[in-house]
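Have a look at the structure below before the remarks.
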Amino acid sequence: MIYYHNYLRRILISATILILLAGWVPSSMAADRLGDHVILSWNDLGMHCMNKDHQNISILPPYNNLWAQVIQRGDELTLPSLVTQDVTVEYSIPGNTYSVGKTDFWDYAYKLFGVNLPDDIGLTGKGLNDVMDPHGTHFSAEGIPLTPFTDADPTNEDPYQQALVIARDLQGVELARSEPVIPVSTEVGCVSASCHSSESSLLNMHEEEGGFNPNNTPILCASCHADPALGTQGIPDADYFSKAIHSAHKFIDELYSGIDGCYKCHPGEETGCLRGTMANDYNMICQDCHGDMDHVQQTISNGRTPWVDEPSCRECHTATYGEPAGQLFRNSTGHGGVMCSACHGSPHAIYPSREARDNANNITLQGHAGILSDCTVCHGHVPAGPGPHGLISSDVTASELTGSVRSLQVHPSPMRFSCTIEFAADNAESGRLLVFDAQGRTLRMLRPVAKGNGIFNATWDGIGRAGRRVSPGVYFIRWENGTQSAAGKVTVTG
């Protein structure tokens, strides 16, 4: 009997070691390792771009943002609470302690922005290690002048570096720490993308309007073209920078398929900035949310403000799972005042991400990658009742998704293995055809195919999230392109 117990003990110890070596621990074990506080941290956009060289043209300077929320954990008697006072939040980027010399931005900062900057200090006065500023329920550091070049390898890009964020009390005692990715890439150059032969040739192609002089370098594009990302007003007669760029390059959509065209300017073939679950698990591309280049510039012409008015989660998800109307995901809060990005991740890098470093924080907190879903991380236990987003009846979902719209033809219904969705529409490819469960959660995006005479169809094979087959029940299917919509429902049998 003693030998048997020792044998079991050795098996349990070996299993624990293997689990730790694999980088995974059960949720309860992960929560037990946490202290009285946790800090949730993230980057606001999921990717920031910058020019490496600013001698001739400057599109974007070194400028990065981190956000964080500090939570005092609860227990069976006390709810968790957001900590907003008597705490400081500091950040640093281990392995990346300087930027001067990795880019020539500081040589031209005065000509470009009219400011004399100390070495390694960005446009907002932030350095590579500093404290975050309090903003109500969260903390942020905006304008961190980070480059994608580490101290150890200042010539090759490392676009997904991790920052170190630490919360301390007023006595300097550490309360909690986290390691968010602070992404940045220079894979945004007009010449490096092999589109233009040189910056000089590009400047000489520019129309000489509004006093533009191709020889008056360095030239900040946003000095003439208004750019809300940098807060510049530009010249009234000049278009927004986003509109000018997308309008001038919309021919690329005809030369390159899907995301390959986007990656000619946005980071990029090497960086692959669209790396979250939407891309990896649902095969979504940039155009599924933003539309093609012509759509981007047309919506700006029709009154949309770039960077301010962007695609929202609620365009694909129901209201229960989307952000408030008229508010961006990155600015929205949810359960207990926790910001959406704190649990779901940054735009373009929604958990789980292709990049292991993006997933590191949640693995530390709950023992596995993916959305922060372990209640014990903040509550200290699993409370009774609905959690974030809650649950709603299928009647409410049906009313929201199918009410007052044309009907999609779905057959067969009930379905066992697959069904065909058919509908008539103008330019159906520009819309979204989505499958929802009875609680209104978005499960799948389908691709309609033209059948002629304005008729489109698609097939749903009963596969939902993460490639798993859905359970028996009622599911809703909705197509919408902003001006037209149609919906239907299908019952899946066992």
(request) Counting only C-alpha contacts under 8 Å and six or more residues apart, can you give the relative contact order of the chain as a whole percent? (result) 14
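Sorted by accessible area (1.4 Å probe), largest first, how do Val470, Val115 line up?
If we order Val470, Val115 from most to least accessible, we get Val115, Val470.
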(request) Would you mind checking which residues have amide H under 5 Å from Thr333's amide H? H placed 1.01 Å from N; only 5 or more apart, or other chain. (result) Cys340
(request) Find how many whole Å separate the alpha carbon centroid of segment 126-200 from the alpha carbon centroid of segment 334-351. (result) 19
(request) Provide the convex hull volume over Cα atoms per residue for the chain, in Å³. (result) 195
(request) With unit charges on the beta carbon (Lys/Arg positive, Asp/Glu negative), name the residue among Val191, Ser178, Asn204 whose Cα is farthest towards the positive pole of the charge dipole of segment 70-220. (result) Ser178
(message) Which one, Gln439, Tyr110, Val338, projects farthest toward the positive side of the charge dipole computed for the chain from Cβ point charges (K/R +1, D/E -1)?
(response) Gln439
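Once you order the gyration tensor axes a ≥ b ≥ c over the Cα atoms, which shape class does segment 163-282 get: rounded for a/c under 1.5, otherwise prolate or oblate by comparing a/b with b/c? Working shown, then result.
Values: a/c = 2.55, a/b = 1.53, b/c = 1.66.
Oblate shape, in that a/c is at least 1.5 and b/c is the bigger or equal ratio.
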(request) Quick one: dipole size for segment 97-210, taken about the Cα centre, charges +1 on Lys/Arg Cβ and -1 on Asp/Glu Cβ, in debye to the nearest 20. (result) 320
(request) Kindly point out which whole DSSP H helices in the chain project their C-alpha atoms 27 angstrom or further along the helix axis while averaging a Kyte-Doolittle hydropathy of 1.6 or above. (result) none
(message) Need the list of lysines near Lys243 for cross-linking: C-alpha distance under 21 angstrom, and skip anything on the same chain fewer than eight residues off.
(response) Lys264
(message) Output wanted: per-residue J couplings in Hz (rounded whole) for segment 482-488, from phi through Karplus 6.51 cos²θ - 1.76 cosθ + 1.60, θ = phi - 60°, x for Gly and Pro.
(response) x, 10, 10, 8, 8, 8, x
(message) How much accessible area per residue does the chain have, counting only protein heavy atoms and a probe of 1.4 Å, in square angstrom?
(response) 50
(request) Tell me what the chain gives for mean residue ellipticity at 222 nm when only DSSP H runs of n ≥ 4 count, each as -39,500 (n - 2.57), the sum divided by the residue total, rounded to 500 deg cm²/dmol. (result) -5500 deg cm²/dmol
(message) Which lysines, if any, have their Cα less than 23 Å from the Cα of Lys111, not counting same-chain residues under 8 positions apart?
(response) Lys52, Lys102, Lys126
(request) Compute, for Tyr110, the solvent-accessible surface of its heavy atoms (probe 1.4 Å) with the complete set of protein chains present, and express it in square angstrom to the nearest 10. (result) 130
(request) Run the dipole for segment 143-241 about the Cα centre, Lys and Arg Cβ at +1, Asp and Glu Cβ at -1, nothing else charged, and hand back the magnitude in debye, nearest 20. (result) 280
(request) Give me the number: length gained by fully extending Leu77 to Asp107, i.e. 0.36 nm times residue separation minus the C-alpha to C-alpha distance, one decimal in nm. (result) 5.1 nm
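Suppose every Lys and Arg Cβ carries +1 and every Asp and Glu Cβ carries -1, with no other charges. What dipole size does the chain come out with about its Cα centre, to the nearest 20 debye?
Here the chain has a charge dipole of around 2060 debye.
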(request) Please list 318-325, 293-300 highest first by mean number of surrounding beta-carbon atoms within 10 Å per residue. (result) 293-300, 318-325
(message) Just to verify a number: what accessible area does Trp106 come out at with the full protein assembly present, 1.4 Å probe, Å² rounded to tens?
(response) 30
(request) Give me the percent of the accessible area of segment 375-494 that comes from carbon and sulfur atoms, probe 1.4 Å, all protein chains in place. (result) 51
(request) Just order 61-72, 224-235, 200-211 by mean Cβ neighbour count inside 10 Å, highest at the front, would you? (result) 61-72, 224-235, 200-211
(message) Let me cross-check Ser404: its accessible surface, 1.4 Å probe, with only protein heavy atoms counted, in Å² to the nearest 10?
(response) 130
(request) Would you mind checking Lys250/Lys489; Lys451/Lys489; Lys250/Lys451 for any pair whose Cα atoms are more than 32 angstrom apart? (result) Lys250/Lys489
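The values are calculated or read from the model by the stated rules, or taken from the named source; none is laboratory data. Note that this is a predicted model, so its numbers are computed, not measured. Because the Cβ atoms are built from the backbone with ideal geometry, glycine has one as well, and the counts that use them run over all protein chains shown. Remember, those area values only see protein heavy atoms, side chains included, never the ligands or the DNA or RNA. Shrake-Rupley method; radii C 1.70, N 1.55, O 1.52, S 1.80 Å.
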